[in-house]
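The values are calculated or read from the model by the stated rules, or taken from the named source; none is laboratory data. Just so we're clear, the structure is a prediction, and the values are computed from it rather than from any experiment. Note that each Cβ is placed from the backbone with ideal geometry, even for glycine, and that neighbours are counted across all protein chains shown.
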Amino acid sequence: MSAIIIPDYLVKKKKYKMIFKYDASDEKCPLPLVNLRLLLKKLQKGDVCILIIADKGSIEDIPKLLNKLGFPYKQSHIDNGRVKITLSSK
């Protein structure tokens, strides 16, 4: 997992403070789900999380979790069965 700090002058224009990127494309369920739960606890208002997953279990379970917890997200297919999920804090 990595975090990118956005300068204040961009925050005012873009509405986000920090971008968390988590590439879990080589990890198997339940590890991406567990790590995402930990990351969600760190999110603050205005933060964005970009998650990349490939495991079929994670592709099914993570959107269910995000819906249950009320996190807005967008999902798109990248390549070779990988899925990118971009979510923002509540």
- [ ] Tell me which of these residue 12 doesn't satisfy, since it passes every other one: (1) of a type outside the set (A, V, I, L, M, F, W, C); (2) in contact with an Asp or Glu (Cβ under 6 Å, 6 or more places away or on another chain); (3) modelled with pLDDT under 90.
- [x] (2)
Task: Among (1) touching a Lys or Arg at 6+ places or on another chain (Cβ under 8 Å); (2) at pLDDT 95 or above, the one test that residue 46 misses - done: (2)
Open item on the list: For the stretch 23-33, check the following and say yes or no: at least one residue is at pLDDT 95 or above and in a strand (DSSP E or B).
Closed with: yes
Task: Test: residue in the stretch 53-72 that is surrounded by 15 or more Cβ atoms within 10 Å (Cβ to Cβ), of a type in the set (Gly, Ala, Ser) and outside any strand (DSSP E or B) - done: yes
Open item on the list: Restricting to the stretch 56-90, name every residue that is at pLDDT below 95, touching a helix residue (DSSP H, G or I) at 6+ places or on another chain (Cβ under 9 Å) and farther than 21 Å from residue 17 by Cβ.
Closed with: 81
Task: Top-ranked residue of the stretch 73-90 - restricted to ones that are more than 11 Å from the chain's Cα centre (by Cα) and in a loop (DSSP other than H, G, I, E, B), ranked as surrounded by the most Cβ atoms within 10 Å (Cβ to Cβ) - done: 82
